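Working notes, structure below.
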Amino acid sequence: MNIELTEKEFRRLLDMVYIGNWVLNSTRGNDRFEDYDDLQEKMFAQCAKLGMKELYTTWYGHTFPSKAYEDGGIHEAIADYEDAVFFEILAEELARRDMHLEDTDPEDMTELTNRMDEYITEFEANGIDNLTIDI
């Protein structure tokens, strides 16, 4: 298979491969999806052929994203996504708790959405500063 990409498109594809592999494997410890690691390695190995030496490093015959690549803003993009997902999930879980909902009945959606919006507004203003847990 051949795909024609501009250098910019290839660079964006590297980011997508890295982010995808991060989402799939970063929390798996030794139980990684190795085929995704292999694909990431294959993609970053292409950087050598394209003169993008600042984006990759090699170690024991394997190719990895370089420290410069990893420190170049990709983790900030991942963190922004994680923050958004965290607050969305937290808002929904708190709203469901408030409404004593396990399943979503279509007639509950308006109230659920309104409660979620209230939590999101709070989180946007204060993060988790006002969140308390009674034990």
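The values are calculated or read from the model by the stated rules, or taken from the named source; none is laboratory data. Remember, it's a predicted structure, so these values are computed and weren't measured experimentally. Glycine also receives a Cβ, built like all others from the backbone with ideal geometry; neighbour counts cover every protein chain displayed.
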Query raised in the report: Does any residue of segment 80-103 turn out to be under 21 Å from Tyr36 (Cα atoms) and of a type outside the set (S, T, N, Q)?
Result: yes
Query raised in the report: Before we move on, is Thr63 β-branched (Val, Ile, Thr) and touching an Asp or Glu at 6+ places or on another chain (Cβ under 6 Å)?
Result: yes
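Table: residues versus (1) more than 23 Å from the chain's Cα centre (by Cα); (2) assigned by TED's automatic domain parsing to the domain that holds Glu82; (3) at pLDDT 95 or above; (4) under 19 Å from Glu82 (Cβ atoms).
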residue	(1), (2), (3), (4)
Asn2	yes, no, no, no
Tyr18	no, no, yes, yes
Thr27	no, no, yes, yes
Asp31	no, no, yes, no
Glu34	no, no, yes, no
Tyr56	no, no, yes, no
**Report entry** Cβ pairs under 7 Å, 6+ apart, first in segment 119-135 and without any contact (Cβ under 8 Å) to a residue 60 or more places away in the chain, second outside any loop (DSSP other than H, G, I, E, B)
**Finding:** Tyr119/Ala91; Tyr119/Leu94; Tyr119/Ala95; Ile120/Phe87; Ile120/Ala91; Phe123/Phe87; Phe123/Ala91; Asn130/Glu122
Report task. State yes or no: is Glu111 more than 23 Å from Met16 (Cα to Cα), in a loop (DSSP other than H, G, I, E, B) and modelled with pLDDT under 95? Result -> no
Report task. Name the residue, out of Ala68, Ala84, Ala95, Ala48, that is over 30 Å from Ile120 (Cβ atoms), among the aliphatic types (A, V, I, L, M) and at pLDDT below 95. Result -> Ala48
Query raised in the report: Residues of segment 47-71 being under 16 Å from Val17 (Cα atoms) and of a type in the set (Phe, Trp, Tyr), which ones?
Result: Tyr56, Phe64, Tyr69
